[in-house]
Amino acid sequence: MKKTFPILSLAAAAALAAFLPGCSTNTQGEDAAPVFLTGSFDVLPAAKSVSSGSALAFNTTTLRNRLKTTGVSSLTFLDVQCEIYLVSWTRLNGGTVASPSEQFGCPIIVPANGASTLTNYEYMTASNLIKPPLDQLFPFNGGIDHETGKSEIDQMGHVKWYGHTLSGQPVESVEATFNMVFFYGGSAGRVEGRLVR
């Protein structure tokens, strides 16, 4: 499953808020900047074992920097320096307590009219996999979510990237989301990275 989302400058985000929320069809942003960014990532795995001892990471994340118009004489200051991305979580299966938010470094430059690929970038650290509410899935804590009575916790990840153009314009992505099922061990019918049905 592949998610695609545009990355807009802060000015564009403010302009979008001034209109009907979520109704804009301008995927290139509504500011005067001569470039816009888009991104995509493979949402793999679809499930993550909290006992794996490894971070939740996606195989690839691709950020693209595109020109709004042709005929630009110089691309030098239109490169975008990505600095950080933030991942926050909300519950999907009836619970109220979600995993803590985390900030990750993203020290790459996305060239104007080009792309940069992030390989195996983290979306949850291994240490976050053993914090509430996911810690409840371990057998010594009962093995079930106390709020739902289920042996898995479904959450939605919310991701935003932040950076700036080399000319100094701040850039903030539109939020991208993905769903993730967290479970303990090698439960029957489930393989790390995907659901087996």
Quiz item: Hey, does segment 93-110 have a residue that's surrounded by fewer than 16 Cβ atoms within 10 Å (Cβ to Cβ), touching a residue at least 60 places away in the same chain (Cβ under 8 Å), of a type in the set (A, V, I, L, M, F, W, C) and closer than 22 Å to Ile153 by Cα?
Solution: no
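This table checks each residue for (1) among the hydroxyl-bearing types (Ser, Thr, Tyr); (2) buried (at least 16 other Cβ atoms within 10 Å of the Cβ); (3) more than 26 Å from Asp135 (Cβ to Cβ).
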position	(1), (2), (3)
Phe36	no, yes, yes
Gly53	no, no, no
Thr62	yes, yes, yes
Gly71	no, no, yes
Ser74	yes, no, yes
Self-check item: Residues (assigned to a strand (DSSP E or B) and touching a Lys or Arg at 6+ places or on another chain (Cβ under 7 Å)) located in segment 111-123
Solution: Ala115
Practice problem: Considering every residue within segment 2-13, establish whether at least one is among the basic types (Lys, Arg), modelled with pLDDT of 65 or more, assigned to a strand (DSSP E or B) and surrounded by 13 or more Cβ atoms within 10 Å (Cβ to Cβ). | Solution: no
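The values are calculated or read from the model by the stated rules, or taken from the named source; none is laboratory data. This is a predicted model, so every value here is computed, not measured. Using ideal geometry, Cβ is built from the backbone for each residue, glycine included, and neighbour counts are taken over all protein chains shown.
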